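Inspection log for the structure reproduced underneath, given as structure tokens.
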Amino acid sequence: MDQEPSNHLTQVLRKKEGSLVELFDGRGSSFIAEIVSLEKKLVKVKLIKVESSSERKGIKIDLGQSLIKSEPFSHSIQKATELGVSSISPLYTERTVVKLNPDKIQSRKERWESIAKHACQQCGENWLPEINKIQTLKEWIETVNAKNKIVLYPNSKTKLSSLKFDESVAIAVGPEGDFTDNEVALLKEQDFLPVQLGERILRADTAVISAISAIRTMCKEF
Ligand code: SAH
């Protein structure tokens, strides 16, 4: 088993040889395994039983999140994962201020994946979201495939609650400085409907939590 889950089992959960543990593969399946040997950084297990695999539950949500400062972006990944999104695509937008060194990109992506893994672990979700490569807003909106598409835009007169959702939704969320008029026009061309979440301007990570929770409520999942 990898170093991180090994460490979690030995240092946090204090498991011993012979203990049974539940493992998941991030693609909907979970397994019961027995710990056969245990060091701080390397735990070996024996597979006992494959639990039946589960379908991803609820409306499929693809999140296009403009890069923002590291801490709120990580927060957004954690919360979106807990709320069961299928994919998260970090986006470069016109007002993205964060500049990532090319040599930092891989380590940042690994960090985001680790945050998502921990979030799944903590909420008992067997499906990990796909964390896509960083891409431009244009690239994402031309390729994302969803029945409903919305862009969270404080200036919109349309309230999120006035819409109906089913099957799948793509959600675009802007940076600290919001999307430009140009970008909103581009999003509209690709059938993204601008919607607002009330009159308060929320931090982007709060907007993500609010929109996903509202959509799941509207779909009667909450
Ligand atoms: N600086 C901008 C707000 C940016 S907030 C301003 O003062 O208007 C960052 C992102 O969160 C926005 O691009 C939008 O996608 C989302 N957001 C925040 N509050 C929102 C609201 N009330 N309605 C819809 N989207 C919102």
Test set (1) free of Cβ contacts under 8 Å to residues at least 24 places away in the same chain; (2) within 14 Å of the ligand (Cβ to nearest atom) - Lys147 fails condition number: (2)
In region 207-222, the residues that are open to solvent by less than 60 Å² (accessible area, probe 1.4 Å) and part of a helix (DSSP H, G or I): Ala207, Val208, Ile209, Ser210, Ala211, Ile212, Ser213, Ala214, Ile215, Arg216
Val36 being touching a Leu at 6+ places or on another chain (Cβ under 8 Å), closer than 16 Å to Asp2 by Cα and open to solvent by less than 100 Å² (accessible area, probe 1.4 Å): no
Positions within region 147-176 being open to solvent by 40 Å² or more (accessible area, probe 1.4 Å) and either farther than 24 Å from Ser86 by Cβ or of a type in the set (Val, Ile, Thr) (or both), in sequence order: Pro154, Asn155, Lys157, Thr158, Lys159, Ser162, Glu176
Residue list for region 177-195, restricted to those being within 13 Å of the ligand (Cβ to nearest atom), surrounded by fewer than 17 Cβ atoms within 10 Å (Cβ to Cβ) and not charged (D, E, K, R): Gly177, Thr180, Leu193
Verdict on Asp103 being farther than 23 Å from Arg27 by Cβ and not in a helix (DSSP H, G or I): no
Odd one out for Arg200, checked against (1) outside any loop (DSSP other than H, G, I, E, B); (2) near the ligand (Cβ under 9 Å from one of its atoms): (1)
In region 146-177, the residues that are aliphatic (A, V, I, L, M), within 12 Å of Val195 (Cβ to Cβ) and assigned to a loop (DSSP other than H, G, I, E, B): Leu163
Search result, residues across region 1-25 that are surrounded by fewer than 16 Cβ atoms within 10 Å (Cβ to Cβ) and small (Gly, Ala, Ser): Gly18, Ser19
So Gly84, is it more than 16 Å from the ligand (Cβ to nearest atom), under 21 Å from Val144 (Cα atoms) and either in the same structural domain as Glu176 (by TED's automatic domain parsing) or open to solvent by less than 70 Å² (accessible area, probe 1.4 Å) (or both): yes
Matching residues in region 132-144 - criterion: being in contact (Cβ under 8 Å) with a residue 24 or more places away in the chain, open to solvent by 40 Å² or more (accessible area, probe 1.4 Å) and part of a helix (DSSP H, G or I): Lys138, Glu142
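Please specify each residue of region 51-70 satisfying the condition of being more than 16 Å from the ligand (Cβ to nearest atom) and either open to solvent by less than 90 Å² (accessible area, probe 1.4 Å) or touching a helix residue (DSSP H, G or I) at 6+ places or on another chain (Cβ under 8 Å) (or both).
Hits for region 51-70 are Glu51, Ser53, Ser54, Arg56, Gly58, Ile59, Lys60.
The values are calculated or read from the model by the stated rules, or taken from the named source; none is laboratory data. Everything numeric in this text was worked out from a predicted model, so none of it was measured. FYI the Cβ positions are ideal-geometry reconstructions off the backbone, even for glycines, and counts take in every protein chain you see. Side chains included, ligands, DNA and RNA excluded: accessible areas come from the protein's heavy atoms. Shrake-Rupley method; radii C 1.70, N 1.55, O 1.52, S 1.80 Å.
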